[in-house]
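The values are calculated or read from the model by the stated rules, or taken from the named source; none is laboratory data. Note that this is a predicted model, so its numbers are computed, not measured. All Cβ positions, even for glycine, are placed from backbone atoms using ideal geometry, and neighbour counts span all protein chains on display. Each accessible area value is taken on the protein alone, full model and side chains, heavy atoms only, with ligands, DNA and RNA left out. Shrake-Rupley method; radii C 1.70, N 1.55, O 1.52, S 1.80 Å.
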Amino acid sequence: MRKRKTQAPRALLPPLFADWFAARGWTPRNHQLELLAHAQAGESTLLVAPTGAGKTLAGFLPSLVELAAQAAAPRNAPGGPGLHTLYISPLKALAVDVARNLELPAAEMNLHLRIETRTGDTSASKRQRQRRDPPQILLTTPEQLALLLASPDSQFLFATLRRVVLDELHAMVTSKRGDLLALDLARLRTIAPGMSATGLSATVRDHDELRRYLVAQDGSGSQMAALVTAPPGAAADLSMLDTRERLPWSGHGAAHAIGEIYEQIKHATTALVFVNTRAQAEGIFQQLWRINDDNLPIALHHGSLDASQRRRVEEAMAQGLLRAVVCTSTLDLGIDWGAVDLVINIGAPKGASRLAQRIGRANHRLDEPSRAILVPSNRFEVLECRAAIDAANEGAQDTPPARRGALDVLCQHILGMACAAPFSAHALHAEISSAEPYSALDRASFDAALDFVATGGYALRTYDRFAKIRQNSEGLWRISNPAVAQAYRMNVGTIVEADMLKVRLVQGRASKAAASGPTYTGPLRRGGRVLGEIEEYFLETLAPGDTFLFGGEILALQGIVENEALVSRARGDTPKVPSYAGGKFPLSTYLAARVRALLSNPKLWKSLPAQVAEWLELQRARSVLPGAGDLLVETFPRGGRNYLVAYPFEGRLAHQTLGMLLTRRMERLGLMPMGFVANEYALAIWSVADVGARLRNGLVSLDGLFAQDMLGDDLEEWLEESALMKRTFRQCAVISGLIERRFPGKEKSGRQVTISTDLIYDVLRRHQPDHILLRAAREDAAVGLLDLARLAQMLARVQGHIVHKDLARISPLAVPVMLEIGREPVYGEAQDEILAEAAAMLVAEASGSVGP
Amino acid sequence: MTGARISIATLRAATAPQEIVIAGVSLTADASGVLFLDSERLLIVADLHLEKGSSYARRRVLLPPFDTAATLGHLARAIARYNPARVIALGDSFHDRAAAERMGDQDRASLRALQAGRDWIWIAGNHDPLPPAALGGTAQDEIRIGALTFRHEPRAGACYGEIAGHLHPVARVVTASGSLRRRCFASDGERCIMPAFGAYAGGLNLRDVAFAPLFPARAPQAHVLGRQRVYAIAHAQCHAD
């Protein structure tokens, strides 16, 4: 028997389609035909293609061909033809855009198709009609799909489904949204067993993970969708801005290069200026306008801005009215701008794959290279940019590994399935474990989630009479009351922003003086325009009267009333810069390793700007360079304090966690640590005791200080009080449905109604530490705000490879992190010390030793 | 930020045991949130909100049902510390009128043990206008002891010698080292609003307009609950949320 060829069977493109391609002067591309062939063979397929490769048309071609054939055949089934293809996009705007693009070939070929979108903006009457009489092609988002699947109509609605197309799959699978989508995909397979899935993705590190995601798993990991890859586009034209200015030691403002960035924009048709955080977007946007003598139309786009404002920018962009948009990752994906011929990436690229995605936003034509310029905003970022450019030129990828399905998402899904129809626990567990992220879910964990959904999953069984779902006489689980389904619908989805407050513009009134005196902020006039939303915890750092940048304007905080931050326009041009962290990414492990390699090999420094190479030379002369596999720790005195600086290169989150745990341990060793700051590359701790001397005299060992067991009891103890852990728990509580994010008809007063999850966390930790939500929160913390997994890997890697350098003064490499002191919040076991400090102020004031 | 350097001696002074003087009477403010009047061996606790968790459960918000046990556990530790002859629960001891009936057997037993050997007074609150007869203790609308008046809801305007609950005061304290939001006593020396004691009781910022009419002459000082002790903090250093 001949070995079966892995090549796809030859696809048949019907004459109607061949003619249409020909009429437009196109030839179908190979990957489009291959995908068609796989689909015609009934196979699920992953299409990996660069931007501009006609990915969307490829994804829909099989459906259009089938639907055209159906339309030609005499109809014998009664009623409408039913839903044929479901398209899921991570972005509402992308679904709308794709629907528009699909209308054109459908109309030109006279296919008489109903193509509709369903998003949060779709009217209630249209949604209802879609459920009764669905279109043939429906374009929607993961959240809307979850809602449809949780309705009793889902069986009717999806029974006719032949194909589901998942766009930007690489971006969806890395989050809890991807977990929810995987569960919904499993349910679709149950309802429509003949259905196949098509995933559209940019290049990722491991294609097999996505191929498994698309098809039912049996636990062996051998089930995979077919793979079609399009040839890569022309190599990108990548460079680093060779600044004439002096490179800053630290900070992320890139203020030194604004003039040069502006020149680049002037010489491009349309430029996308990517930054990593909303704060940077605001800063760069303002600085560009300050020197915008030519009045170039430059716009701002980030996730905090009001949706209507964002849409205006997107439309202006699509119409070619803009010369540049300063944006965050909100524009990493999606809509085809066409005219963009330059991407400027300000700051560190953070990951090779992320950079490749952003570069791909320029010039959606494969034959022309994308042009991208990287602008490092400080010296360390020069190293990171260099490493990222090298990685991009090699085509290396560092997308995160496949996730384990989150337990809170599982809880939400179980409730949704009960809302759709009564289910058997056994069958639902089987269905759920066919979803790739949940393929290792054991029955005990599933049962714990089920118990949580029913009665809260508490050891103290007092809530049986308040159960949300119950078993009927046949042993099937069903909702106990229609109100449960209503609550589910209000809470569906996995995106829990930090508590967001609306930013509303009102007349100015409050001043700094009013805030510090014993006067009360009385009611402020309401009714101004909403500018967007901002994280509550950012506002916690502001007092009334403080100014910050938002939406390209300088605003003064007037006060907070219910869930709105009231602001007024402020004068002056030195706002308290917003430090809100929206859209901060950690440096990828892969890129961090490349940066270490670059640092440790002086031969490679030729590719670096002269001032950076000189800086590294100086480090080599004064101290030592961190080796590729080492952890360098420097100690030195400065200004009456003793500093310890470590260079793990593991990203800010892991460094913060390390700082918390290390200072605890130093405290116990009597080293009297006073505080620390962390950045992406390094961690600086200052203490009363001379740590350098103790290390020198062998009284303290670095291997002991950095021993992995800090992740045991120390971690547990710290987690108990950690604000980050509480924030993580809050997200799990909302997603799992423990607390409701919104109440029907009561959205406005939500903040008052909702009980503080911090209090719930404290009680639950003490009384049932193994509760499923605490498990969920711990698993999140490992990869989320605490980045424990990465910290654990680092600690294991460096054992026995810690290099100590005891110095008489600060080293050149330490300068950037030392400059963060005073700029970044200082961490430590501040809790009661904050109170003691504030109380001491009162005593000092009373005794007249300091002024108020 | 102010650049004031604070000496160790000043810090020590600020961390001495916390007394609150109200209407000339000196009381001990405990970090757990109770007040103790030594001369009367009287312990005062406000807003226990027992069975708040199960109250939410009736609306199918299934909060962990351990709040009553947690609250009574904290209270037991405070009572063990001071061994009071009399305890005043300053209203809203029960989250709703049916709360007492929902209490578990173990929690009832814990409460009975706390009441044994001492007077126990349930002051009526808006959540529990008729404190349960079945759970021991005596019910009263308010009670007067010397210069002090104990009631649940504070009266508007100046009110010399009143100790009340109801408002659940919290202070947000901001210094160069960071920011904290903690429960607190609010007092101007004439009256005192006690922090809520219940494990699930939320908080109202001291800067909220609700506090203004209670302190018409001057803003109250915050006596903020730390982990081990209470810290007196100037109103000016307490921020709005």
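Close amide H partners of A:E553, meaning residues 5 or more places away or on another chain with modelled amide H under 5 Å apart, do not exist here. Rank B:P169, A:A808, A:L476 by how far each Cα sits towards the positive end of the charge dipole of the protein assembly as shown (+1 on Lys, Arg Cβ; -1 on Asp, Glu Cβ) and give me just the farthest. The one lying farthest along the dipole's positive direction is A:L476. For A:I291 and A:S701, what does the FRET efficiency come to when R0 = 45 Å and r is the distance between their Cβ atoms, rounded to the nearest 0.05? It comes out at approximately 0.25. At a threshold of 8 angstrom on Cα-Cα distance, excluding pairs fewer than six apart, so keeping six or more, what relative contact order does chain B reach in percent? 21 percent. Take A:H804: with every protein chain present and a 1.4 Å probe, its accessible area is about 60 Å².
Compute the normalised compactness of region B:8-239: alpha-carbon radius of gyration over 2.2 N^0.38 Å, N being the residue count.
Ratio of Cα Rg to 2.2 N^0.38 Å: 0.98.
Placing a label point 7 Å from the Cα of A:N110 along the Cα-to-Cβ direction, the residues of region A:16-33 with a backbone N closer than 18 Å are A:16-24.
Note on A:R129 and A:D770: the extension gain reaches 226.2 nm, defined as 0.36 nm multiplied by sequence separation minus the Cα-Cα distance. Here the label points at B:R155 and A:R571, each 7 Å from Cα along the C-beta direction, are separated by 4.8 nm in the simple model. With 31 Å as the limit on Cα-Cα distance, the pairs of A:K606/A:K805; A:K350/A:K606; A:K126/A:K726; A:K350/A:K726; A:K176/A:K266 that go past it are A:K126/A:K726; A:K176/A:K266. Across region B:122-152, the residues whose backbone nitrogen lies under 17 Å from the label position 7 Å along the beta-carbon direction of B:A116 are B:135-137. Normalised by residue number, the volume inside the convex hull of the Cα atoms of region A:655-698 is 68 Å³ per residue. Straight-distance candidates among the aspartates and glutamates for linking to A:K92, with alpha-carbon spacing under 13 Å and chain neighbours fewer than 8 residues away dropped: A:E116, A:D121, A:E143, A:D167, A:E168, A:E314. Relative to the longest principal Cα axis of chain A, at what angle does helix A:788-798 sit, 0 to 90 degrees, rounded to 10? Result, in degrees: 60. If R0 is taken as 60 Å, the Cβ-Cβ distance between A:M674 and A:N472 corresponds to a FRET efficiency of 0.45.
Contact-buried residues of region B:223-241, at a threshold of 40 Å² lost accessible area versus the chain by itself: B:R227, B:Y231, B:Q237, B:D241 (1.4 Å probe; DNA, RNA and ligands ignored). For region A:237-394, the normalised intensity computed at q = 0.16 Å⁻¹ comes to -0.84 (log10 of I(q)/I(0), Debye sum over alpha carbons, equal scatterers, no solvent). When Rg and the Kirkwood Rh are both derived from Cα coordinates, the Rg/Rh ratio for region A:391-498 amounts to 1.10. Considering only B:H49, B:P64, B:A134, the residue lying farthest towards the positive end of the dipole of region B:36-162 is B:P64, judged by Cα position with unit charges set on Cβ. Classification of region B:118-241 by its C-alpha gyration tensor yields a prolate form. The axis ratio a/c (a ≥ b ≥ c) is 1.5 or more, and a/b outweighs b/c. Placing dummy labels 7 Å off each Cα toward the beta-carbon, the span from A:Q793 to B:D38 is 5.9 nm. Computed from Cα atoms, the angle from the helix A:831-847 axis to the main principal axis of chain A rounds to 40 degrees. Charging the Cβ of each Asp and Glu at -1 and of each Lys and Arg at +1, and nothing else, the dipole of the protein assembly as shown about its Cα centre rounds to 980 debye. A:F156 sits with roughly 120 Å² accessible to a 1.4 Å probe, with DNA, RNA and ligands left out of the calculation.
Let me see the P(r) profile for region B:129-194: every Cα-Cα distance counted, bins of 5 Å, each bin given as a percent of all pairs. Computed distribution, short to long bins: 4, 14, 20, 18, 14, 13, 9, 5, 3, 1, 0. In region A:437-474, the residues that give up 30 Å² or more of accessible area when the other protein chains are added, compared with the chain on its own (1.4 Å probe), are A:Y458, A:L460, A:Y463, A:F466, A:K468. Which log10 I(q)/I(0) values does region A:15-229 give at q = 0.09, 0.10, 0.18 Å⁻¹ under the Debye formula, counting every alpha carbon as one identical point scatterer? For the requested q values the scattering log ratios are -0.33, -0.41, -1.44. Under a 5 Å amide H to amide H cut-off, with H placed in plane at 1.01 Å, what residues pair with A:R371 once short-range neighbours are removed? Here A:D237, A:V343 satisfy the definition.
For A:L807, B:L42, what's the largest-to-smallest order of accessible area, 1.4 Å probe?
Greatest to least solvent exposure: A:L807, B:L42.
Under a 5 Å amide H cut-off, with hydrogens placed 1.01 Å from N, A:L139 pairs with A:Y87, A:E116, A:T117, A:R118 among residues at least 5 apart or on other chains.
Normalised by residue count, chain A yields a Cα convex hull volume of 204 Å³ per residue.
With helices as the sole contributors, chain A gives -12500 deg cm²/dmol at 222 nm; each DSSP H run of n ≥ 4 counts as -39500 (n - 2.57), and the sum is divided by every residue. Computed with a 1.4 Å probe over protein heavy atoms only, the accessible surface of region B:103-241 comes to 39 Å² per residue. Counting Lys and Arg as +1 and Asp and Glu as -1 over every other residue whose Cβ lies under 11 Å from the Cβ of B:I22, the net charge comes to -3.
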